[in-house]
Amino acid sequence: MSYLFQNFGLIENETIDKNLDLGLINQKLSKKTKQEKKLETLAQVNVAYLKLNQKIYELSGGEAQRVALAKAILKDSPVILADEPTAALDSENSEEVMKLLLSMKNENRIIIIATHNPVIWEMADEVVELSR
C-alpha cells in the first residue's frame, strides 16, 4: 500500500534520490534500473527538470507533492491512500496532481482519497461521506 499525504511525507533534509529510494526499497532491481525508473517516474509526474541531488526543502509545494506521487508510483502497490493530496497546493497544481492520481486507475490501481474538497468528489467514481 502506498500513501500520499497533504504534508508530502518526504524527508525534507534528504535528496529527491534518497526519498525515491524508499519507494523502491523492496524491489530487487539493479542500481542502474532503479536510477532509470526514478528518472522515468519524475518525467511521468511532470518534474523531469528536477535533479535527483536536490533537497526536498528546495522544492515548491507542487514539486514536493509530485515527488511524493512519484514515490508512491515507484512503490508499485495496487492501493494508494491519499489524505488531502491537494490541500497544500494551488488550483493549477491541484488539478495536475489529481489528473495524475486518477490516471493511475487505468493501471488497475485503487485510489482512495480523503478530502473535504467538493471538486475532488466530482472526479470520484464513488463517494463515501463520513460523519460523527
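Using the Cα coordinates of the range 2-123, the gyration tensor eigenvalues translate into equivalent-ellipsoid semi-axes of 22, 17, 12 Å, sorted from longest to shortest. For the range 2-123, the relative contact order comes to 34 percent (Cα pairs under 8 Å, sequence separation of at least 6).
Once you order the gyration tensor axes a ≥ b ≥ c over the Cα atoms, which shape class does the range 40-100 get: rounded for a/c under 1.5, otherwise prolate or oblate by comparing a/b with b/c? It comes out oblate by the Cα gyration axes.
Of all DSSP beta bridges confined to the chain, the antiparallel ones make up roughly 10%. Exceedance of the 25 Å cut-off in Cα-Cα distance is limited, within the set K32/K105; K51/K105; K38/K105, to K32/K105; K51/K105.
By the Stokes-Einstein formula, at 0.692 mPa s and 37 °C, the range 1-43 with its Kirkwood radius over alpha-carbon pairs has D equal to 288 µm²/s.
Here the 3J(HN,Hα) profile of the range 125-132, calculated from phi with Karplus coefficients 6.51, -1.76 and 1.60 at θ = phi - 60°, is 6, 8, 10, 10, 9, 9, 9, 6 Hz, Gly and Pro shown as x. From least to most packed, judged by other beta carbons within 10 angstrom and beginning with the fewest, I25, I110, I80, I56 follow the order I25, I110, I56, I80. GNM on the chain, alpha-carbon springs under 10 angstrom: the most fluctuating residue among K31, K18, K75 is K31.
Taken together, the values in this text are just the output of simple stated rules run on the coordinates, not laboratory data. Quick caveat, the model's predicted, so the values are computed rather than measured. Don't worry about glycine lacking a Cβ; one is built from the backbone with ideal geometry, like all the others, and counts go over all protein chains shown.
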